[in-house]
């Protein structure tokens, strides 16, 4: 129904006490027809007065509330502070809460049920029924498929030992993404193994222990071949190529790929967020072609200031061109409206202090 649709939409936005009414009136443009007018009083956004938990044993209510980053119980001393309820953010927070419990070793933790209820005319309460389950620990960690690096070395890179608190999130991070190029995948990807993959498989669960096998596919070692640039409509190729660290003939390296994107952005002529590298492996000969797609952005600057005093007008005009081409200074075809594309900086500044008219 219309009432249910409107009520649900507004409750998702934090308006929990919406009133919907209807009124009909004759349609002046059509005989025997009426216009239905929907009158909505969305009320005011409500705050969260309390967040209660049941079923929790190892996690205190305070700890569980700390996992809810976007849904906050209003503190009694913050009359005008945070605490407004947002249904969409609440749903996100429920997922985050379970993820946090899993990270602490409670791999079976779930929210059995939850409810949002009216606490007062201005506030709601939240109640969650939690199942924690038992706390798990890593058991035996084994490796298969690794030939390039020894098991002992990979165990050192992984940094997780038997007896550590079990966490799939931590395992995934240590295998595929610390952001510091010191995870297992980066060791391979920075050494040419572009198609490397590792799949952690839970082989046995007994008591509070989980055995995990790291199944590795190393694949071939790739060498950089053709390096191309696309999208530089103003800046010349050679300016961009000076920043490219993935050289033809070198082994493929994810770290150098990321560094190249960062240094292209530091030129100031391109939008770093839109610089996209695309490796295209050629399995037949063990090479990889890499294309860097870039997008030019305005980088020139204009400075204009002025004032008057002592009977004179003082004005200053400054122009800075950050992608100038000095070698094309005398090439009429290169003016667009100035010769650009070589990444050089040209600054022009003029000042006037003409007389000011006094009666």
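A short reminder: the numbers here are calculations on the coordinates, not readings from a lab. Note that the coordinates shown come from a computational prediction; the quantities given were computed from them, not determined experimentally. FYI the Cβ positions are ideal-geometry reconstructions off the backbone, even for glycines, and counts take in every protein chain you see.
Stretched out straight at 0.36 nm per residue, the stretch from residue 284 to residue 96 would grow longer than its current Cα-Cα span by 63.3 nm.
Taking label points 7 Å from Cα along the Cα-to-Cβ direction, residue 34 and residue 131 give a separation of 5.1 nm.
Segment 172-228 and segment 1-73 have Cα centres spaced 46 Å apart. DSSP assigns beta bridges within segment 47-131; of those with both partners inside it, close to 55 percent run antiparallel.
Need the full-extension length gain, residue 147 to residue 258, defined as separation in residues times 0.36 nm minus the C-alpha distance. One decimal, nm.
Gain on stretching residue 147 to residue 258: 37.3 nm.
Would segment 2-41 count as rounded, prolate or oblate if I go by the C-alpha gyration tensor, calling it rounded below 1.5 in a/c and otherwise prolate when a/b exceeds b/c, oblate otherwise? Verdict is prolate for segment 2-41. Of the peptides 61-67, 261-267, the order by per-residue mean of other Cβ atoms within 10 Å, starting with the highest, comes out as 261-267, 61-67. Here the peptides 195-202, 212-219 are ranked by packing, the mean other Cβ count within 10 Å, and the order with the highest first is 212-219, 195-202. Taking the three principal axes of the alpha carbon atoms in segment 112-233, the coordinate ranges are 67, 55, 20 Å, sorted in descending order. If you take every DSSP beta bridge fully contained in segment 140-294, what fraction is antiparallel? Give it as a percent rounded to 5. Percent antiparallel among DSSP bridges in segment 140-294 is about 65.
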